[in-house]
């Protein structure tokens, strides 16, 4: 159980491949490219989390059967891997359930702390409960608490970026209606990230209520903060917004 970043992917075609096998192998190779720079985490209780720069954060499950790792991502995607090698820092996986003439897809994974700082794990399910779409409409208080949880996540995320001295940040992980500018922030519920954020509410009406809460928190800032980097400014800005909810 750890957080693993997929740092290298290789595909080796089979010398015995028929034209049909070759075509299937190319599809496997293309699928493998979707794993590049992805990160997955395995937690107690067979819970898992997955994030890629190409796809949004998703939760799932995992289990191990001998040397086979079964990883479920979201509601539909499931992959079976053979564990080829494992140590404290490295995990090498071979995509299973592939015909012997279709080639081999190998994933080299390295233990990662990119999304971890102090005692906060940004991929952990308990940090991402605000993403789970409720099954019924929520009260104004529940919507407010969901907005707070989202803002707290933004604060944790940028604390992590600043502490790890990253020179970049990933809006795909936060999936926020906030839009990031040079020396500034905006709010747009119709942006791609904003639309994803709206999916975390029962309906658009509830999402609009939460959006208005965030909008009011922006008004808490009399002046946008200045710092050495954009990410430090975003962190200071979100911390100022958070005080609105403490009043």
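The values are calculated or read from the model by the stated rules, or taken from the named source; none is laboratory data. Note that this is a predicted model, so its numbers are computed, not measured. Don't worry about glycine lacking a Cβ; one is built from the backbone with ideal geometry, like all the others, and counts go over all protein chains shown.
Of the strands (runs of 3 or more DSSP E) lying entirely inside segment 44-113, those containing at least 1 residues that are out of contact with any strand residue (DSSP E or B) (no Cβ under 7 Å at 6 or more places or on another chain) span 58-65, 77-86. On the given criteria, is residue 200 in contact (Cβ under 8 Å) with a residue 60 or more places away in the chain, in the same structural domain as residue 156 (by TED's automatic domain parsing) and not in a helix (DSSP H, G or I)? So residue 200 fits the description; yes. Quick check on segment 195-203. Is at least one of its residues surrounded by 14 or more Cβ atoms within 10 Å (Cβ to Cβ) and farther than 27 Å from residue 137 by Cα? So far as segment 195-203 goes, no, none of its residues is surrounded by 14 or more Cβ atoms within 10 Å (Cβ to Cβ) and farther than 27 Å from residue 137 by Cα.
Taken over segment 172-197, the criterion of being part of a helix (DSSP H, G or I) and under 17 Å from residue 238 (Cβ atoms) is satisfied by 173, 174, 193, 194, 197.
Applying the criterion of being under 18 Å from the mean Cα position of the chain (by Cα) and without any contact (Cβ under 8 Å) to a residue 60 or more places away in the chain to the residues of segment 146-166, the residue that is nearest to residue 214 (Cα to Cα) is 149. As a summary of the residue check, residue 132 satisfies the conditions (1) loosely packed, with under 14 Cβ neighbours inside 10 Å; (2) within 20 Å of residue 243 (Cα to Cα) except for the one numbered (2). Going by the conditions given, is residue 57 within 27 Å of residue 131 (Cα to Cα), within 19 Å of the chain's Cα centre (by Cα) and at pLDDT below 90? For residue 57, the condition - within 27 Å of residue 131 (Cα to Cα), within 19 Å of the chain's Cα centre (by Cα) and at pLDDT below 90 - is met.
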